[in-house]
Amino acid sequence: MSDLESSTRYDPSEVEPRIVEEWLASGLFHPEPAGTAAENYSIAIPPPNVTGSLHMGHAFQDTIMDTLVRHHRMLGQRTKWIVGTDHAGIATQKQVENLLLSEGTSRQALGREEFQRRVWEWRAQYGGEIIGQLKRLGASCDYEDERFTLDEQYADAVLRVFVALYEKGYIYRDRYIVNWDPGSRSAVSDLEVEDRDDVTDTLYYIDYPLASGEGAITVATVRPETMLADVAVAVNPDDPRYSRLIGETAILPLVGRELPIIADDYVKPEFGTGALKITPGHDPNDFEIGLRHGLPQLSVIGEDGRIVGDVPERFRGLPAAEAQAAIVAELREQGLLARAELYTHTVPFSHRSGERIEPLISLQWFMRMDELAKPAIEAVTSGRVRFHPERWSRVYLDWMEHIRPWCISRQLWWGHQIPVWYRDDEVRVSTSAPAGDGWTRDPDVLDTWFSSALWPFVTLGWPERTPDLEAFYPTDVLVTARDIIFLWVARMIMMGLEFVGEVPFDAVHIHSIIQAPDGRRMSKSLGTGIDPLDLINGGPRPPVFAVGGEFPAYGADAMRWGLLAMSSSQDVRFSEDRVAQGQSLTNKLWNASRLILLRVDPGARGGVQPTTIEDRWILSRLARVRAEVAERIDSYDFSRVALELYDFVYAELCDWYLELVKPRLYDGDPRTAATLLHVLTETVAMAHPAIPFVTEEIYAHIPGTEGLLAARVGGGPLAAAARDPEAEETLERTIAAVQAVRAWRDSAEVRASQTLPARLLAGGYEETAANLARLARLSLDGAGTDMGRPRPGEGEGEGEGEGEGMVTSIAVPGGAIEILASAGVDFGAAERRLQARRAELLAEVARAEGRLANPGFVAKAPPAVVQAERDKLAALRTQLEQL
């Protein structure tokens with residue numbers, strides 16, 4: 001615990017690591033299973049890749065989840081945050097293959113068994129890094145029950161699910177066109193493909209001679225190398241240019257194969273020449289056309305990206321790019337290349353390796369999704385699973401209603417090996433190897449998302465009906481980004497319903513994406529990525545920042561608060577200013593705590609008896625803000641959570657209440673001390689879910705507290721006190737009056753230390769006049785303080801606002817404050833400055849009103865510009881009123 005006397009500034013680098021160890025040692029994050037899921041609260045973390053380290057997306061969603069988890073733990077619910085890592089088949093295998101390459105060897109040289117041993121070794125050395133980073137962030141996960149998607153129990157469950165789905169007829173093996181990723185040498189699913197719409201290729205126009213000898217039909221393609229696998233030429237049946245050619249035959253250049261000219265509605269007459277070369281082996285649309293017309297399926301590009309098959313010898317073995325160059329050269333030489341032009345279009349790339357997808361026909365394992373999708377659709381339409389924001393439910397439903405078979409096999413060695421065995425013509429699907437000799441197991445592994453889809457229930461012990469499964473399934477909410485709604489969210493819902501009979505979570509919160517400060521996506525390779533630990537501990541600013549150098553060591557609380565404040569229903573740009581604001585909040589709260597704790601009698605705790613208007617006000621405001629923060633957390637409005645906390649701590653507690661009670665605090669008033677300790681205790685409890693470290697440290701210093709704040713349930717006797725509207729109204733009136741006087745003093749350049757004589761001509765300040773005078777630096781003597789009553793000798797309309805010696809009148813709620821003449825203050829100069837500023841503001845108001853009165857401006861300017869002008873006008877008018 002820090003020494004309050006010497007710790008004049010909060011030091012997160014000392015406090016935060018120590019607090020983490022205290023939390024972990026307490027066992028608080030590891031709840032024993034009891035009760036039902038309806039009574040308890042649980043969240044399953046989206047398992048980060050075992051290869052990964054914490055990035056800003058992790059930090060953002062983990063901060064949101066931790067805020068939820070800590071909030072519900074402090075409500076008294078048995079709370080479990082399921083944590084672990086994903087084996088990440090492609091990513092992990094690539095990491096280890098790169099390591100082997102640096103050692104001068106390869107996985108093929110090692111063999112499958114030895115390669116897998118090396119991957120497990122690598123995982124033991126590096127796999128726990130991200131878990132340590134989660135702890136540094138303050139994530140209150142159940143680390144004692146950490147899971148891994150390839151641990152023994154998990155692997156057994158995955159194989160059991162595969163066998164069950166196979167026996168129901170949902171899983172099958174077939175030759176089909178797949179997305180082949182040359183980078184990972186594996187098939188990938190449609191959802192792992194990233195369409196890039198700004199790729200520029202060359203569009204080649206190639207003449208295919210007609211077999212009749214009467215001319216040629218010209219096709220356009222960006223991939224002339226695939227023409228070696230062409231099996232037809234297709235035209236639209238309604239295209240008059242080609243109607244006479246339907247049923248005829250063309251000759252494939254360079255190969256000599258005869259190609260039927262067919263009609264199909266898929267062909268777009270406006271693209272290229274309106275004639276389409278059909279290559280079922282290398283294009284998914286052509287594959288479907290081939291099925292409709294019974295065309296053969298030829299493949300000429302192998303899994304290694306080289307030309308294979310029944311092709312002219314001179315092309316065989318060439319990489320596809322070299323084959324394209326050679327084919328184009330021959331076509332040009334033979335006079336069959338009509339023309340070429342640049343063409344920008346959409347091209348699929350692997351999200352995994354970043355390489356261009358090569359559509360290939362391959363023997364793969366697939367999973368039919370229609371039967372699984374139906375109950376998962378109903379779960380959302382019936383409201384059993386709710387999306388926040390709600391608009392994402394429509395995105396989910398649109399995809400589910402048009403769902404396609406899922407290619408679930410991957411040509412990798414790291415992952416869940418498919419539980420299928422072959423011996424001659426026999427096929428056995430089983431969770432264990434068949435008896436007898438000669439059986440060979442299918443070499444492929446399952447798509448990583450197949451095992452991830454089981455995460456919410458297998459991590460709790462399924463297929464056994466464990467106490468954990470009974471206590472914490474279904475979980476309460478899934479917090480994730482929109483990019484894996486299809487890859488993961490939908491599949492978890494389908495699998496949960498199929499194997500547990502219940503949805504895996506009641507709600508899905510889709511959070512915004514934190515972009516780089518310039519609006520680009522965050523990426524280390526682009527120089528736009530921000531390492532959260534560099535914000536926490538101090539580290540280099542990436543090149544995307546205009547200011548170089550290093551980040552200050554903001555600490556985890558500051559970053560957490562900043563990320564919550566940035567959250568939105570729309571994507572947002574990262575703001576270091578918000579993190580700095582979070583640091584200011586932690587320092588403000590720390591300093592306020594020191595002010596209180598170093599001056600109160602440790603024995604002052606006890607029944608809180610608010611006797612002054614300011615005590616009633618702060619207790620009422622505390623009750624109101626506590627309720628507001630809880631409501632905002634429950635509605636996933638995390639930016640408002642952050643800002644409500646900031647406003648209460650910074651403005652109401654520190655700037656006003658502490659200033660109001662300082663005289664009583666310094667006098668050692670025991671009732672003031674009791675109220676202050678109560679307010680401080682409840683404030684750190686309210687703020688704890690968002691900024692847990694500084695609040696835990698402060699709580700340890702508060703007299704009379706026991707144990708950890710993270711384990712504290714509920715609040716003190718006045719945590720849910722009845723609100724006091726009368727006190728709130730009175731204090732808000734007084735605060736507004738002080739602000740009005742301070743604004744005038746600033747504009748008049750009156751020294752902050754100078755007390756000015758004044759008369760209060762307003763009602764409603766009977767209980768606060770003394771505090772008003774002290775905070776506004778005014779001298780309101782008995783003769784000058786008039787509480788809204790006419791001064792002696794004045795009648796209605798006589799001398800109103802023109803009292804003897806008055807310099808200026810400041811409008812305040814309920815009336816005015818007259819500032820009287822005072823030695824040492826040049827009020828004439830001050831008034832001249834005020835008049836000059838008033839004239840400037842009036843001119844700006846006139847200009848703004850003129851623009852908004854101009855129909856042309858309102859009609860032609862963008863709506864945002866018009867609104868900005870309206871906001872500017874409102875601000876100018878407010879400034880005028882304050883003068």
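The values are calculated or read from the model by the stated rules, or taken from the named source; none is laboratory data. Note that the structure is predicted; figures quoted are calculated from it, not measured. Here the Cβ is made from the backbone with ideal geometry for all residues, glycine too, and neighbour counts use every protein chain on show. Heavy atoms of the whole protein, side chains included, go into the accessibility calculation; ligands, DNA and RNA do not. Shrake-Rupley method; radii C 1.70, N 1.55, O 1.52, S 1.80 Å.
Loop-located chymotrypsin sites (Phe, Trp or Tyr not before Pro) in region 421-487 (DSSP state not H, G, I, E or B) with no more than 16 neighbouring Cβ atoms inside 10 Å: Trp439.
Plainly put, region 263-418 has a radius of gyration that is 1.05 times its Kirkwood radius, both from alpha-carbon atoms, as the Rg/Rh ratio. Entry note, the chain: relative contact order of 12 percent, from Cα contacts under 8 Å with a spacing of 6+ residues. One chain, two ends: Ala846 and Asn587. Fully extended at 0.36 nm per residue, the span grows by 88.9 nm beyond their Cα-Cα distance. What region 451-497 shows is 22 Å² of accessible area per residue, with the surface traced by a 1.4 Å probe over protein heavy atoms. The distance from the alpha carbon centre of region 361-380 to that of region 1-51 is 39 Å, rounded to a whole number. Dipole magnitude for the chain: computed about the Cα centre from +1 point charges on Lys and Arg Cβ and -1 point charges on Asp and Glu Cβ, it is near 860 debye. From its DSSP helices (H runs of at least four residues, each -39,500 (n - 2.57)), the chain gives a residue-normalised ellipticity at 222 nm of -12500 deg cm²/dmol.
If R0 equals 41 Å, the separation of the Cβ atoms of Tyr422 and Ser243 corresponds to a calculated FRET efficiency of about 0.25.
For region 372-473, averaging the sequence separation of C-alpha pairs within contact (under 8 Å, six or more residues apart) and dividing by the residue count gives a relative contact order of 21 percent.
Roughly speaking, to the nearest percent, how much of region 79-225's 1.4 Å accessible area is carbon and sulfur? Here carbon and sulfur together make up 43 percent of the probe-accessible area. Solvent-accessible surface of region 594-747, taken per residue with a 1.4 Å probe and all protein chains present: 36 Å². Just need the Rg to Rh number for region 166-207, please, alpha carbons only, Kirkwood Rh. Rg/Rh for region 166-207 comes to 1.16. P(r) tail for region 572-647: Cα pairs beyond 16 Å make up 68% of the total. Rounded to the nearest 20 debye, the dipole size of region 332-401 about its Cα centre is 180 debye, using +1 on the Cβ of Lys and Arg and -1 on the Cβ of Asp and Glu.
Farthest toward the positive end of the dipole of the chain, out of Leu291, Tyr666, Ala846, is the Cα of Ala846, where the dipole comes from beta carbon charges about the Cα centre.
In region 618-670, what trypsin sites (Lys or Arg not before Pro) fall in a loop by DSSP, with at most 15 other Cβ atoms inside 10 Å? The qualifying sites: there are none.
Summing Cβ point charges (Lys, Arg +1; Asp, Glu -1) relative to the Cα centre of region 608-698 gives a dipole of roughly 200 debye. Our summary gives region 529-621 a relative contact order of 18 percent, counting only alpha carbon pairs under 8 angstrom and 6 or more residues apart. Per-atom-type breakdown for region 600-743 gives carbon and sulfur 47% of the accessible area (1.4 Å probe, protein chains only).
Rolling a 1.4 Å probe over the protein heavy atoms gives region 217-330 an accessible area of 41 Å² per residue. Nonpolar atom fraction for region 393-450, defined as the carbon and sulfur part of the 1.4 Å probe accessible area, stands at 47 percent.
Please report the base-10 log of the normalised intensity I(q)/I(0) for region 414-498, using a Debye sum with one equal scatterer per alpha carbon and no solvent, at each q in 0.21 (1/Å). After summing over all Cα pairs, the log10 values are -1.01. Rg and Dmax of the chain, based on Cα coordinates, read 36.0, 120 Å. Let me make sure I get this right: for region 1-94, a, b and c are the square roots of the gyration tensor eigenvalues over alpha carbons, sorted descending. Under 1.5 in a/c it's rounded, otherwise prolate if a/b > b/c, else oblate. Which is it? Verdict is oblate for region 1-94. In the distance distribution for region 442-544, Cα-Cα pairs more than 24 Å apart total 46 percent. Sorted largest first, the spans of the alpha carbon positions of region 196-321 along the three principal axes are 41, 36, 26 Å. By the rule of a C-alpha distance below 21 Å, with chain neighbours fewer than 8 residues away ignored, the lysines paired with Lys268 are Lys277.
Lysines within cross-link reach of Lys80: Cα-Cα under 16 Å, excluding same-chain residues under 8 positions apart? Within reach: Lys135. Once the Cβ-Cβ distance of Glu113 and Thr346 is raised to the sixth power relative to R0 = 30 Å, the FRET efficiency obtained is 0.10.
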